[in-house]
Amino acid sequence: MEQSAHPYGPPVRTRDSERTGTAEEFDLMSTTTRRNASAMKMVGALLALYRQAAGHTQRSLGEQFVIGEQQIASIEQGRRPLKPDLAEQLDELLCTKGALSVALSRMPEVDLIPLWAEEYLDREREAIAISWYEASAVPGLLQTEEYARAVFQSRVPVYDEDHIEQMVTARMERQEILHRKMPPTTSFIIWEAALRDQLGGKAVRAEQLRKLLDWSGVPGVALQVLPLGRTSHAGLDGPFILLETPEHQRLAYMETQRGSQLIADPGEVGILTQKYAMLRTQALNTEDSRAILDLLLGEQ
């Protein structure tokens, strides 16, 4: 597995470490994190025990990895998952003979959430900037409840109704990051084809278009439509998301039909950043995008 080291904690998996799962599964995992609380607290308590035995404070241990006192405190309290790479580094520093890594790998399977999924969700929740290009559907952070339900009902093989409702609830909760007192700066580019689709039916589409119109007028949110009929298109390889962390590290996230990738390699993130910049020039500006949303809504 190729990994890219960065100065703000453990490495983030790069494009060569694809894992099965999409944003649909991430949404559900974001609510099931609570199920993992007991095991996370156990691992956190072990870390606190070994840290104290080694004579470290939370601050001094955080400084060893340039991740900060608050992150160590969150891990010890079971509020933030300990990632495998950091566990290995802590085992080495604290001379625990692999105890933290073993404890992490033996977390109860019934409660265990894939750590690669938690990594993405952590980064999305804390992001100070999000840039999202979407071609086949409205971005999840902007979806209405009924539109999200139609997305999940379209899945093949089909989900059962209880599972669909759990995921819809999770997606709505995930949107809370846009309602924070200091929300991330966000940019969304949506291909017009996704807006013309009748996913869920006319009423669902109309409600979704109205929600997009509302968001298009919110300060700090840039919503652009990439119109049909362009002679060039920088996003033909598919949707992707760019994130900027509070430490100003830039990450990228991509999905395929059967997997997903969280990318930290600066070169690869740089390529996607160039693609996004080109897409912004090919898309309509925010005012014209609002006008086309009005037009599409009027065609209902």
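Considering only residues that are part of a helix (DSSP H, G or I) and closer than 11 Å to L90 by Cα, look in the stretch 49-69 and name the one that is most open to solvent (accessible area, probe 1.4 Å). Break it down into steps so the answer makes sense when it comes.
At the first step, the residues of the stretch 49-69 found to be part of a helix (DSSP H, G or I) are 49-53, 58-64, 69.
Those left that are additionally closer than 11 Å to L90 by Cα: 50-51, 61-62, 64.
Working: Y50: 64, R51: 21, L61: 0, G62: 0, Q64: 103 Å².
Taking the candidates together, the pick is Q64.
Counting only residues that are of a type in the set (K, R) and closer than 15 Å to A39 by Cβ, which one in the stretch 74-110 is surrounded by the fewest Cβ atoms within 10 Å (Cβ to Cβ)? Steps first, answer last, please.
Just the residues of the stretch 74-110 that are of a type in the set (K, R), to begin with: 79-80, 83, 97, 106.
Next cut, closer than 15 Å to A39 by Cβ only: 79-80, 83, 106.
Details: R79: 13, R80: 18, K83: 21, R106: 11.
Filtering first and then ranking leaves R106.
Within the stretch 262-272, track down each residue that is open to solvent by less than 30 Å² (accessible area, probe 1.4 Å) and either in a helix (DSSP H, G or I) or modelled with pLDDT of 95 or more (or both).
In the first step, residues of the stretch 262-272 are kept if they are open to solvent by less than 30 Å² (accessible area, probe 1.4 Å); the result is 262-264, 269-270, 272.
Across the stretch 262-272, the qualifying residues are V269, G270, L272.
Is it the case that the stretch 205-217 has a residue that's under 24 Å from E124 (Cα atoms) and either assigned to a loop (DSSP other than H, G, I, E, B) or of a type in the set (G, A, S) (or both)?
yes
So that you can scan it fast, the table gives a plain yes or no per residue for (1) open to solvent by 20 Å² or more (accessible area, probe 1.4 Å); (2) not in a loop (DSSP other than H, G, I, E, B):
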residue: T231; (1), (2): yes, no
residue: D237; (1), (2): yes, no
residue: L243; (1), (2): no, yes
residue: E247; (1), (2): yes, no
residue: S260; (1), (2): no, yes
residue: Q274; (1), (2): yes, yes
residue: M278; (1), (2): yes, yes
residue: T281; (1), (2): yes, yes
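Looking at (1) over 21 Å from the mean Cα position of the chain (by Cα); (2) surrounded by fewer than 17 Cβ atoms within 10 Å (Cβ to Cβ), find the lone condition where E192 falls short.
Of everything listed in (1) over 21 Å from the mean Cα position of the chain (by Cα); (2) surrounded by fewer than 17 Cβ atoms within 10 Å (Cβ to Cβ), E192 misses just condition (2).
Would you pick out the residues in the stretch 120-163 that are of a type in the set (V, I, T) and surrounded by fewer than 19 Cβ atoms within 10 Å (Cβ to Cβ)? Steps first, please.
Of the residues in the stretch 120-163, the ones of a type in the set (V, I, T) are 128, 130, 138, 144, 151, 156, 158.
Those that are of a type in the set (V, I, T) and surrounded by fewer than 19 Cβ atoms within 10 Å (Cβ to Cβ): I128, V156, V158.
The values are calculated or read from the model by the stated rules, or taken from the named source; none is laboratory data. Quantities reported herein were computed from a predicted structural model and do not represent experimental measurements. Note: ideal-geometry Cβ built from the backbone for every residue, glycine included; neighbour counts use all protein chains shown. Protein only, heavy atoms only, side chains kept; ligands, DNA and RNA dropped before computing areas. Shrake-Rupley method; radii C 1.70, N 1.55, O 1.52, S 1.80 Å.
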